[in-house]
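Written out below as structure tokens is the structure these notes cover.
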Amino acid sequence: MMAARTGQRPVSSAIERRVEQLDTIAAVLPIDRRDELAELLTDQDVETLKHLVERGMGDNTLRALTSDLAYLEAWGLAATGKSLPWPAPEALLLKFVAHHLWDPERRAADPDHGMPDDVDGNLRRQGFLKSVGPHAPDTVRRRLASWSTLTKWRGLNGAFTSPALKSAIRLAVRAAPRTRRRKSAKAVTGDVLAKLLATCATDSLRDVRDRAILMVAFASGGRRRSEIAGLRREQMSVEPPVAVPDGPPLPSLAIHLGRTKTTSGEQDDVVYLTGRPVEALNAWMTAAKIDKGSVFRAIGRWGTVSRRAIDPQSVNAIIKQRVAMAGLEVGEFSAHGLRSGYLTEAANRGIPLPEAMEQSRHRSVQQASSYYNDATRRSGRAARML
């Protein structure tokens, strides 16, 4: 069974059925690599995901749960040779912690410490592991939380609150300290954004699309890449033009985000675009002949626009490609840099924090204000004592 995931995959009616079921879920929840997931996940996994979709769980939460479930199933197959048992015994949970939180110094002296090489290699071949070293504690906690949530949705109880598991995590975190880094080392502020937009100078479909992605993601408050990838024409509504002194009225557009990472099921977050971002978005939709469905789509080699939405990873890849074309350091920027960059730029321009948060839709003042504090400290008097 494991060999099938690293070489030729057998075609079976069960896998084909899961592909079809995942496609129906994708209408609400875009899922990357559906064919691979159909082979990796069990029938009960897919039924659980369908149940969560029907219960109206937020799209971003579903994406995170699906991603974590796929990783857990891949790890379980690599570590034990079979699919995850439900509920998972305490020993398997402890094995998960031991494989992901370990001491690099001890690993150098003891090759059996941490994740075994064969498990590591298997996960890397499938694309589930990319970085080297122990996982971030927050990532391990999140995946365990997802594991616990999926267990409860199956009507089962797990050992996720056992003293042994809590103690194992606490001790492992102490043994494998990691410095917390922001998702994007540098913020995509206005000056950086201008350089990225300068690489989209032609009328080619790719340039028109990428220009719209950059401008919409930034101007709408620094939208998450999943929100940009999942944006649909039906979420947009034309607003009355905005009057400005000494110039023609600016086009305006509302984007209804629906449920997001920080809203409840009854809330419908709305953000607004005005002026150039609206023009860029309209130019893309006109050029690609998009009047319904997914807004941002893949473009084939011969300029054919796909019917399917681009995935969140593609948004990140587009940002990095434009960063490289602009002559900037690719490793210093990512899609999340547009989110942090929006708030940083707002701080640089003296826009009040509450006003910026209305557009970014941050719920945590502490988190949003950190970007303001960084901008203020960097240019403030305390940093210019000499």
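The values are calculated or read from the model by the stated rules, or taken from the named source; none is laboratory data. All of these numbers come straight from a predicted model, not from anything done at the bench. Every residue, glycine as well, gets a Cβ built from its backbone with ideal geometry; the counts of neighbours run over all protein chains shown. Just so you know, the surface numbers come from the protein's heavy atoms only, side chains and all, with ligands and any DNA or RNA stripped out. Shrake-Rupley method; radii C 1.70, N 1.55, O 1.52, S 1.80 Å.
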Item to check | Estimated distance in nm for a label pair at LYS292 and THR202, the labels positioned 7 Å out from Cα along Cα-to-Cβ | outcome: 3.3
Checklist entry - Using just the C-alpha positions of the range 84-138 as equal point scatterers, what log10 of I(q)/I(0) does the Debye formula give at each q in 0.17, 0.21, 0.28 1/Å? => result -0.60, -0.89, -1.22
Item to check | Simple spin-label estimate for THR274 and SER167 in nanometres, 7 Å along Cα-Cβ | outcome: 6.0
Item to check | Solvent-accessible ranking of ARG322, ARG124, ARG154, ARG307, largest area first, probe 1.4 Å | outcome: ARG307, ARG124, ARG154, ARG322
Checklist outcome for this item: With bins of 5 Å, the percent of all Cα-Cα pairs of the range 38-157 per bin from 0 is 2, 10, 21, 24, 20, 12, 7, 3, 1, 0, 0
Item to check | Exposure ranking of TYR272, TYR71, TYR342 by accessible area [1.4 Å probe, largest first] | outcome: TYR272, TYR342, TYR71
Checklist entry - Got a sec to turn the phi values of the range 207-213 into Karplus ³J(HN,Hα) couplings, 6.51 cos²θ - 1.76 cosθ + 1.60 with θ = phi - 60°, whole Hz, x for Gly and Pro? => result 5, 5, 5, 5, 4, 5, 4
Item to check | Rounded to whole Hz, the Karplus (6.51, -1.76, 1.60) HN-Hα couplings of the range 103-115, x for glycine and proline | outcome: 9, x, 5, 5, 4, 5, 8, 10, x, 7, 7, x, 6
Item to check | Debye log10 I(q)/I(0) for the range 180-242, one point scatterer per Cα, at q = 0.12, 0.13, 0.16 Å⁻¹ | outcome: -0.39, -0.46, -0.68
Next on the checklist: Applying a 10 Å radius around every beta-carbon, put 158-165, 293-300, 86-93 in order of their mean neighbour count, most first.
Outcome noted: 293-300, 86-93, 158-165
Checklist entry - Just the Cα atoms of the range 306-345, one point each, no solvent: what log10 I(q)/I(0) does Debye give at q = 0.16, 0.24, 0.29, 0.30 Å⁻¹? => result -0.45, -0.82, -0.98, -1.00
Item to check | Accessible surface ranking that places the most exposed of HIS51, HIS113 first, with a 1.4 angstrom probe | outcome: HIS51, HIS113
